1. Collect the residues in segment B:216-229 that are polar (S, T, N, Q) and either at the interface with chain A (Cβ under 8 Å from one of its Cβ atoms) or assigned to a loop (DSSP other than H, G, I, E, B) (or both), keeping them in residue-number order.
2. Got a number for residues in segment A:102-135 being hydroxyl-bearing (Ser, Thr, Tyr) and either free of Cβ contacts under 8 Å to residues at least 24 places away in the same chain or part of a helix (DSSP H, G or I) (or both)?
3. Just to be sure before I move on: is B:Gly151 surrounded by fewer than 23 Cβ atoms within 10 Å (Cβ to Cβ) and of a type outside the set (Lys, Arg) in the structure I sent?
4. Among residues belonging to segment A:180-196 that are open to solvent by 50 Å² or more (accessible area, probe 1.4 Å) and touching a Ser or Thr at 6+ places or on another chain (Cβ under 9 Å), point out the one that is farthest from the other protein chains (Cβ to nearest Cβ).
5. State all residues of segment A:55-82 that are more than 16 Å from A:Gly94 (Cβ to Cβ), touching a residue at least 40 places away in the same chain (Cβ under 8 Å) and open to solvent by 60 Å² or more (accessible area, probe 1.4 Å); if no residue qualifies, say none.
6. Any idea which of (1) more than 17 Å from A:Gly246 (Cβ to Cβ); (2) modelled with pLDDT of 95 or more is the one A:Asn148 doesn't satisfy?
7. When you go through (1) under 18 Å from A:Thr30 (Cβ atoms); (2) within 14 Å of chain B (Cβ to nearest Cβ) one by one for A:Lys84, which number turns out not to apply?
8. Where in segment B:136-215 are there strands (runs of 3 or more DSSP E), lying fully within it, with 2 or more residues that are closer than 23 Å to B:Leu308 by Cα and among the polar types (S, T, N, Q)?
2 protein chains.
Amino acid sequence: MTSLKDNKDAGPSRVVISVDAMGGDSGPATVVAGIYKSARKNPEIHFILHGPVDELEKLVARRRGLSDRCEIRDAQGVVSMEDKPSQVMRHGKGTSMWSALDSVRAGEATVAVSCGNTGALMALSMIRLRKLPGVNRPAIAILWPSRNPQGFNVMLDVGADIRADAEDLLQYALMGAAYARNGLSLTRPRIGLLNVGTEEHKGRAELKEAHDRIAAHESEGNYTFVGFVEGGDIPGDSCDVIVTDGFTGNVALKTGEGTAKLIGDLLREAFAYSPLSRIASLLALTSLKRLQKRIDPRRVNGGVFLGLNGTVVKSHGSADATGVSAAVKLAFELARAGFADRLAARVASAAEAAQDGAAEEDRKRS
Amino acid sequence: MTSLKDNKDAGPSRVVISVDAMGGDSGPATVVAGIYKSARKNPEIHFILHGPVDELEKLVARRRGLSDRCEIRDAQGVVSMEDKPSQVMRHGKGTSMWSALDSVRAGEATVAVSCGNTGALMALSMIRLRKLPGVNRPAIAILWPSRNPQGFNVMLDVGADIRADAEDLLQYALMGAAYARNGLSLTRPRIGLLNVGTEEHKGRAELKEAHDRIAAHESEGNYTFVGFVEGGDIPGDSCDVIVTDGFTGNVALKTGEGTAKLIGDLLREAFAYSPLSRIASLLALTSLKRLQKRIDPRRVNGGVFLGLNGTVVKSHGSADATGVSAAVKLAFELARAGFADRLAARVASAAEAAQDGAAEEDRKRS
């Protein structure tokens, strides 16, 4: 085991990612295979890996050169997919998930990555990293294949919280815009607020209020507000960031994934149907692979927790090595962009502007 | 113009569908082409067609034999896609939409079909047909391509109302089960309640209450309740009917449609990419057509309004002749099954059971 402290001379381009080796559906071997993939592609990445030390040392030793880039932190406890967030908050100390977050808390790593239980990870992130000043509800943001030139849209919240009032939705807009700037390199992202119609009179009361507040914060948030958007705009090109509450966002995410999966399966069946179609699938192999790459959920693996003191990337529980490596890549890009600090500054400036606005209102009233 | 009254001798297998010729994106010519398609396939169907008589007579006369099966009712007004439901409720008299609903109200036709403005059609349906006794909020149900043997699942509400409390969700379960029995020929449909997780402790308070109420009405409703389901189950095989509020259902519907459309477009691009992939697409043509047929939204065109005294089928505004014909086919099947009466009976019996339960409670308390 190499201590990362010995590597300080590696220079300023070194980025440390904290990785929870446990809690994924296919175990630590897959996580180690994933970080090895990333390590080989990118010499700047270093890891702190959390889990049972004996098991992890063996897995890391098998990958040539990985032990030089990867410090192992012993944590014997594992958060399972069945554990309730409330239990994990009380009894989670000593688990690999807790330990992975503590490396970010201590400033040893910039971003944490975990394949574990989403609810537990969010609950632990809230108590270990704490919410940013000015943020009421943190959110989970994901990338969604779209018709936009960047190939993806951002959607949030997809399940951190089932509720969101107008103020929360405004914060999601600010955080989503910051994420799109750093994760998709968009200078001035276009924000859409998810509703059942694009007319301004439609939808629930909190959506109408959120509509006005998001519109009022365009300049502090450095985004363009396109107004209400519909479900069809999530994979579309009318905006770059889709803002919604965690209930609706979670249903939309899983519906979209399920629909894509069904079509993929039916397509495979169609190509296996006759000798002619089997030949066709061979001829179209390159084109189909390009398509699959475009919509493969493993390539956009990683929900990002926004609104905390530190960044957490949640990988799919069922991620394979490619999926884990994609989550690590996302974590690396956000770390290198100094995303956490930029997001904090943006939210703080909006909160300040809102306070100034309130003070102004008070002055007028008195 | 032939009056339908002259055709009474056509026997008991005659089904009359009332069709709004106006309000669709591509005008009455497309609607007439659609009903002509249906008329040629199915000798039992007859139509009452509503719209400007001069225009419609010319369009119908061009289709051989259609005028014998189609009575035209003059209505000069048109409800546009931009009209607000509240305006249409006040000033909608004299429009083709109003007239189409009145044929069902008067018992001349069993089901009405319209490609027009959904909000206006629901608002007019509520005032012209009135809600069934025991129904608080009517719902719009659609068919969704799925992995189930019947090829489709039912989802409701997809946008009649943006709110739904526990009692409304129970009524949706009863109405959705009735629709699945008559529209998909399932003896005992499996009902799932849409949530962000399948664990019983998850989700909003009204969902937990709805969970218990839907479970308690399994026998009156003649369905099996599978509990909470997630977005991925909408195209899945874990249940046949997905119950949700109109906000969530509308977002899910449009997200699924948008995702399917994006994949379809990318697939076409992939096949057009190289000479080899263009040859492949020719070889796989039959298989791809089979796939397309399976997931073509035109083939499942038609949201059904449930909970009214009479059945209304809402076709996509952008439907072409194939889409209109699919909506007419659905209307025909529901009419032939005596769906409206069966649904009314089921809702009434559940309301009675609930009343009996309440009386029983009162007796116990006194």
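1. Of segment B:216-229, the ones polar (S, T, N, Q) are B:219, B:222, B:224.
Matches in segment B:216-229: B:Asn222 only.
2. At the first step, the residues of segment A:102-135 found to be hydroxyl-bearing (Ser, Thr, Tyr) are A:103, A:110, A:114, A:118, A:125.
This time we only want the ones that are either free of Cβ contacts under 8 Å to residues at least 24 places away in the same chain or part of a helix (DSSP H, G or I) (or both), so: A:103, A:118, A:125.
The total comes to 3.
3. Working: surrounded by fewer than 23 Cβ atoms within 10 Å (Cβ to Cβ): yes; of a type outside the set (Lys, Arg): yes.
Considered against the rule, which asks whether it is surrounded by fewer than 23 Cβ atoms within 10 Å (Cβ to Cβ) and of a type outside the set (Lys, Arg), B:Gly151 comes out as yes.
4. Of all residues in segment A:180-196, those open to solvent by 50 Å² or more (accessible area, probe 1.4 Å) come to A:185, A:187-188, A:190.
Going one step further and asking which of them are touching a Ser or Thr at 6+ places or on another chain (Cβ under 9 Å), we end up with A:188, A:190.
Details: A:Arg188: 24, A:Arg190: 17 Å.
Here the residue is A:Arg188.
5. A:Glu57, A:Asp68, A:Met81
6. (2)
7. (1)
8. Values: elements: B:139-145, B:152-156, B:190-194.
Those strands (runs of 3 or more DSSP E) do not exist here; none qualify.
The values are calculated or read from the model by the stated rules, or taken from the named source; none is laboratory data. Just so it is clear, the structure is predicted and the values come from calculations on it, not from any experiment. When we count neighbours, we look across all protein chains shown, and the Cβ atoms used for this are built from the backbone with ideal geometry, even at glycine. Calculation scope for accessible area: heavy atoms of the full protein, side chains included, ligands and nucleic acids excluded. Shrake-Rupley method; radii C 1.70, N 1.55, O 1.52, S 1.80 Å.
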